[in-house]
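First up is the structure itself, then whatever we jot down about it.
The values are calculated or read from the model by the stated rules, or taken from the named source; none is laboratory data. As the structure is a prediction and not an experimental result, all values here were calculated from the model. With ideal geometry, Cβ positions are generated from the backbone for all residues, glycine too; neighbour counts draw on all protein chains shown. For accessibility, only protein heavy atoms count, side chains too; no ligands or nucleic acids. Shrake-Rupley method; radii C 1.70, N 1.55, O 1.52, S 1.80 Å.
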Amino acid sequence: MSDFGADSAFGRVPDKLKEHYGIEMPVSTIQRITEHHAQIICEQEAKREIVAGTMAGVTFIGEMDGSMVPVVEVSSDAKDKRKGKCLAWKEARLNLVHPKGSVTPTFGGHFAGGVEESGRQWWRCAAKAGFAPGSSYLHAVGDGAPWIAMQEEIQFGAQGTYLVDFFHICDYLVEASKVCATDDPRAWLEEQKSRLKANQSDAVLAALAPFVKADREDPATTCDRYIRNRRDQLDYQGAIKQGLPIGSGEIESAHRYVIQERIKLPGAWWSPNHIETMLALRLNRANREWDAYWRGVEKKAA
């Protein structure tokens, strides 16, 4: 039943149990059992020693991004815990790594902790996927958030490079095109996209230059600054030649089926602790480690 609770809202599980197994069980019991195993999985993963991979000379794809999840926190000063609740949206971070050509990523992630924890989880994920220190290479792709590029540099150093998601930078160009080419913004946009793919960022900046305003913010100025601050993260030509992705759509899609499909349900709010443990449960299943977990449970019970 924990697998049902891991994948579906607790309130929907009783009907599934009744339909598939003829078992009747209250929602409260299903929730308690699911959260119990989620807690164990989270604790086991925290204690798990990750050994570096051995896939020497292999190029890996790595992506990382954040997703907002619904959180409810109770004030420690509230006498009545049913009151004094604060609802907010906070970020859970997800990463993935897989060898070039593979369609089976290994996932990592966390809710608590800052960017340093995000980087640590990314390295653990890479090691699980087979990344070998000193000989493997990571092609990392993500949006322009500086913390992602920073953690790629810290964790992988000379064994990796970071590429700004091409479609993310194009969003800035779309807005700039409305200012820079009012007669034919589409043609202007396509020209700048072609230049970026040919590593001609200087030409893109030159096209923006006449419209950049030093004294106020507008789409052309914002786009110019965005590109200038990421000049060393725009090697689209090199990625294309090597058959490597220039977009981070894989991690954006993974957010939907790893995190949002279960944790970001309409009307659902989670305590911070339960988000962390349920995320660990979702990652366990996404990494195809569910059966191994239950073999351990059965062995311990024997």
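Worth pointing out:
- Residues in region 1-38 that are open to solvent by 80 Å² or more (accessible area, probe 1.4 Å) and within 28 Å of Arg124 (Cα to Cα): His36 alone.
- Leading residue by the ranking (surrounded by the fewest Cβ atoms within 10 Å (Cβ to Cβ)) among those in region 39-50 that are farther than 15 Å from Cys125 by Cβ and not aliphatic (A, V, I, L, M): Lys47
- Residue within region 168-181 that is on the phi < 0 side of the Ramachandran plot and in contact with a strand residue (DSSP E or B) (Cβ under 8 Å, 6 or more places away or on another chain) present: no
- Residue within region 96-114 that is open to solvent by less than 10 Å² (accessible area, probe 1.4 Å), touching a Gly at 6+ places or on another chain (Cβ under 6 Å) and either assigned to a loop (DSSP other than H, G, I, E, B) or under 25 Å from Glu289 (Cβ atoms) (or both) present: yes
- Being touching a Cys at 6+ places or on another chain (Cβ under 9 Å), under 30 Å from Phe131 (Cβ atoms), of a type outside the set (Lys, Arg) and surrounded by 14 or more Cβ atoms within 10 Å (Cβ to Cβ) holds for only one residue in Gly66, Gly62, Gly53, and it is Gly62.
- For the condition surrounded by fewer than 23 Cβ atoms within 10 Å (Cβ to Cβ), among the polar types (S, T, N, Q) and modelled with pLDDT of 95 or more, Gln159 qualifies.
- Just so you know, in region 183-216 the residues that are more than 30 Å from the chain's Cα centre (by Cα) and in a loop (DSSP other than H, G, I, E, B) include one that is nearest to Leu163 (Cα to Cα), and it is Val212.
- Close pairs (7 angstrom Cβ cut-off, 6 or more residues apart or separate chains): closer than 17 Å to Ala286 by Cβ in region 113-134, among the aromatic types (Phe, Trp, Tyr) and modelled with pLDDT of 95 or more anywhere: Cys125/Phe107; Ala126/Phe60; Ala129/Phe60
- Elements of the type helices (runs of 4 or more DSSP H) sitting completely within region 233-302 and holding at least 2 residues that are under 21 Å from His98 (Cβ atoms) and open to solvent by 40 Å² or more (accessible area, probe 1.4 Å): these cover 236-241, 249-254, 290-301.
- Residue in region 138-152 that is over 20 Å from Ile246 (Cα atoms) and in a helix (DSSP H, G or I) present: no
- Which numbered condition Ala206 misses (of (1) over 21 Å from Ala239 (Cβ atoms); (2) open to solvent by 80 Å² or more (accessible area, probe 1.4 Å); (3) free of Cβ contacts under 8 Å to residues at least 24 places away in the same chain; (4) not β-branched (Val, Ile, Thr)): (2)
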